[in-house]
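Asker: Below are the C-alpha cells for one structure; questions will follow.
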Amino acid sequence: MSNRYFSPCPRGLETLLVEELRALGASEPEQVPGGVAFAGDWPLCWKVNLESRLATRVLWRVAHGPYRNEDDVLALARQQPWERWFAVDNTLRIHVTAIRSPLKSLNYVTLRIKDGICDRFRETRGKRPSINTERPDVRVRAFLTAETCTLYVDTSGEALTRRGFKHAKVEAPLKENLAAGILLLTGWRPGQVLFDPMCGSGTLLLEAAMMAQDIPPGIGRDFGFERLASFQPGQWKRQRAMAEQRRRRGTTVQLFGGDIDPRQIAATQANLQAAGVAEAVQCDAGDFLDRAAPAPEGVLVCNPPYGVRLDEAEALAEWYPRLGDHLKQAFSGWNCHFLTADPQMAKKIGLKASRRTPLMNGDLECRLLEYRMISGSLRKPHQD
Ligand SMILES: C[S@@+](CC[C@H](N)C(=O)[O-])C[C@H]1O[C@@H](n2cnc3c(N)ncnc32)[C@H](O)[C@@H]1O
C-alpha cells in the first residue's frame with residue numbers, strides 16, 4: 001500500500017532532499033518551497049525517519065479538502081477514521097500552521113480539529129483520547145492554505161533534528177539537518193579531510209562523523225510511528241539492525257575542529273563522545289587566525305560568529321579582511337565554505353566567492369559562500 005508523505009526541510013535544501021529520498025526508495029518526490037512530498041509504504045516511512053539527514057519530519061498525509069470556515073475543518077477532521085490509525089489510550093496534540101488562511105484564530109482551528117477527532121473516537125470507541133501538549137503519543141498536524149486544509153499524522157514525533165545524543169548545548173547551534181545539507185553542498189565526501197575551525201558545539205563535525213561512519217542519524221531515538229496501528233515491531237527491529245550493521249569505523253582521523261573558546265571545544269568533545277564518534281575527530285582550542293591547515297588540502301566549513309563574541313559590526317568588518325588574508329596565506333589548496341547571515345562578509349573578506357547558495361537558518365536568511373583557495377588566483381583587493 002502506498003501512502004503520501006510530506007517532509008519539511010530547511011529552505012534551500014529541497015533539491016538535496018529529493019535526491020536523498022529517491023536514494024532511500026521514495027517514489028514520486030516533488031519539491032515545494034520548504035519541503036518535499038513523496039509516496040511509499042510503511043517500511044519506507046520508517047526508513048526515512050531513521051536515515052534521512054535532511055528531513056525535519058515525515059508527515060503522513062491523511063486528508064485534504066477545501067474549507068471556508070472552522071466548521072468545514074471540523075467536518076474534515078470528524079470524517080477521518082482516526083480510530084483505525086491509533087488507539088484511544090494515546091495522548092494527542094494538534095499543531096496548526098497556515099499560509100494566507102482567512103481564519104482569524106489558529107488556536108480556534110486547533111480546538112475544532114481536536115473536537116472533530118474526539119467526536120469521531122466517541123462515536124466509534126465510546127471515549128476520547130486526552131490531550132498532552134508536552135509529550136504527546138500522537139501528533140496531528142494541519143496545514144491551511146487560503147482555500148485548503150491538509151491533515152497529517154506526524155510519524156516522527158520529536159523533530160528528526162533531535163538525533164538523540166547531542167547533550168552539551170551552546171548558543172545558536174546549527175540545526176543538524178541544515179549542517180548535513182551544508183556538508184553535502186560543500187562537495188565534501190567521507191574519506192576527504194574536513195576542518196571546522198569555529199566549531200561551537202560541533203554540529204558540522206558530528207554530522208560529518210556520522211556520514212563518514214554511515215551511522216543512521218536516528219539510531220539513538222524513538223519515533224511517532226511506533227504508536228500507530230500500522231507499526232510492525234518485528235520488521236522495524238530487523239530494519240534498524242540492518243542499518244546499524246552498515247557502520248564503518250574509520251582508522252585515520254580526517255575530521256578536524258577548532259574554536260577560540262575552550263568551553264566550546266569541551267561541548268564538541270562531549271557531543272562527539274555521546275554519539276560514540278570521538279575518535280573520528282581531532283579538536284583543539286585556539287584562534288583560527290593563528291592556526292595552520294591540518295592537511296595540504298581539504299574542505300573547510302564553518303559558520304563564523306555574528307553578534308556573539310565579535311558582536312560589533314565594526315569589529316566584524318575589521319576581522320573579515322584578516323580572515324581572508326589568513327585563508328590566502330595558510331589554506332591554498334583548500335575549498336572553503338562559510339555560512340553567514342552578514343552581507344558585510346562577502347564584501348570585506350577580500351576574496352571572490354565562486355558560489356553563493358541561499359539557505360535559511362531558522363528565520364535567518366543566509367548565504368553559503370564558497371572560496372576556492374587556489375594559490376595566487378581569485379584574489380581581489382579589499383573593498384571598503
Ligand atoms: C556561530 S558559532 C558556531 C556554531 C556551531 N556551528 C554549532 O553548530 O554549534 C561561532 C563560533 O566561532 C567561535 N569563534 C569566534 N571567533 C573565533 C576565532 N577567531 N577563532 C576560532 N573560533 C572563533 C565562537 O567561539 C563560536 O563558538
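The values are calculated or read from the model by the stated rules, or taken from the named source; none is laboratory data. This one's a predicted model, so the numbers in the text were calculated from it and none came from an experiment. So basically every Cβ, Gly included, is an ideal-geometry build from the backbone, and we count neighbours across all protein chains shown.
Asker: Within the set of pairs 6+ apart or on separate chains, which have a first residue in the stretch 333-359 that is more than 20 Å from residue 192 (Cα to Cα) and within 15 Å of the ligand (Cβ to nearest atom), a second that is among the aromatic types (Phe, Trp, Tyr) and assigned to a loop (DSSP other than H, G, I, E, B), and C-beta atoms under 6 Å apart?
Answerer: 341/306; 342/306
Asker: Next question. Give me the pairs, please: first residue somewhere in the stretch 154-175 and of a type in the set (Phe, Trp, Tyr), second residue anywhere and in a loop (DSSP other than H, G, I, E, B) and at pLDDT 80 or above, beta-carbon distance under 7 Å, and either six or more positions apart or on two chains.
Answerer: Note: pairs meeting the criteria are 165/220; 165/275.
Asker: Something else: Which one is surrounded by the most Cβ atoms within 10 Å (Cβ to Cβ) among residues in the stretch 272-296 that are within 9 Å of the ligand (Cβ to nearest atom) and in contact (Cβ under 8 Å) with a residue 24 or more places away in the chain?
Answerer: Among residues in the stretch 272-296 that are within 9 Å of the ligand (Cβ to nearest atom) and in contact (Cβ under 8 Å) with a residue 24 or more places away in the chain, the one surrounded by the most Cβ atoms within 10 Å (Cβ to Cβ) is 288.
For every residue, the table says whether it meets (1) over 24 Å from residue 35 (Cα atoms); (2) surrounded by fewer than 22 Cβ atoms within 10 Å (Cβ to Cβ); (3) over 29 Å from the mean Cα position of the chain (by Cα).
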| residue | (1), (2), (3) |
| --- | --- |
| 78 | yes, yes, yes |
| 89 | yes, yes, yes |
| 99 | no, yes, no |
| 123 | yes, yes, yes |
| 130 | yes, yes, yes |
| 133 | yes, yes, no |
| 149 | no, no, no |
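Asker: Quick check on this structure: which one of 325, 290, 261 is acidic (Asp, Glu), under 15 Å from residue 200 (Cβ atoms) and out of contact with any Asp or Glu (no Cβ under 8 Å at 6 or more places or on another chain)?
Answerer: Residue meeting the stated conditions: 261.
Asker: So, residue 201, is that one assigned to a loop (DSSP other than H, G, I, E, B), within 22 Å of residue 52 (Cβ to Cβ) and either touching a strand residue (DSSP E or B) at 6+ places or on another chain (Cβ under 7 Å) or within 16 Å of the ligand (Cβ to nearest atom) (or both) or not?
Answerer: So residue 201 fits the description; yes.
Asker: Here are 63, 77: which of them is in a helix (DSSP H, G or I), hydrophobic (A, V, I, L, M, F, W, C) and closer than 23 Å to residue 6 by Cα?
Answerer: Testing whether each residue is in a helix (DSSP H, G or I), hydrophobic (A, V, I, L, M, F, W, C) and closer than 23 Å to residue 6 by Cα leaves just 77.
Asker: Check off (1) touching a Cys at 6+ places or on another chain (Cβ under 9 Å); (2) over 30 Å from residue 232 (Cβ atoms); (3) among the small types (Gly, Ala, Ser) for residue 63 and give me the number that stays unchecked.
Answerer: For residue 63, the failing item is (2).
Asker: Right, next: Is the stretch 324-345 home to any residue that is at pLDDT below 95, out of contact with any Lys or Arg (no Cβ under 9 Å at 6 or more places or on another chain) and either part of a helix (DSSP H, G or I) or surrounded by 21 or more Cβ atoms within 10 Å (Cβ to Cβ) (or both)?
Answerer: Yes.
Asker: Here's another thing I want to ask about it. Taking the stretch 271-297, which residues are touching a Gly at 6+ places or on another chain (Cβ under 9 Å) and in a helix (DSSP H, G or I)?
Answerer: Answer for the stretch 271-297, where residues must be touching a Gly at 6+ places or on another chain (Cβ under 9 Å) and in a helix (DSSP H, G or I): 271, 272, 274, 279, 280, 288.
Asker: What number of residues within the stretch 71-98 satisfy the criterion of being farther than 16 Å from residue 157 by Cα and touching a Leu at 6+ places or on another chain (Cβ under 6 Å)?
Answerer: Residues meeting the conditions: 1.
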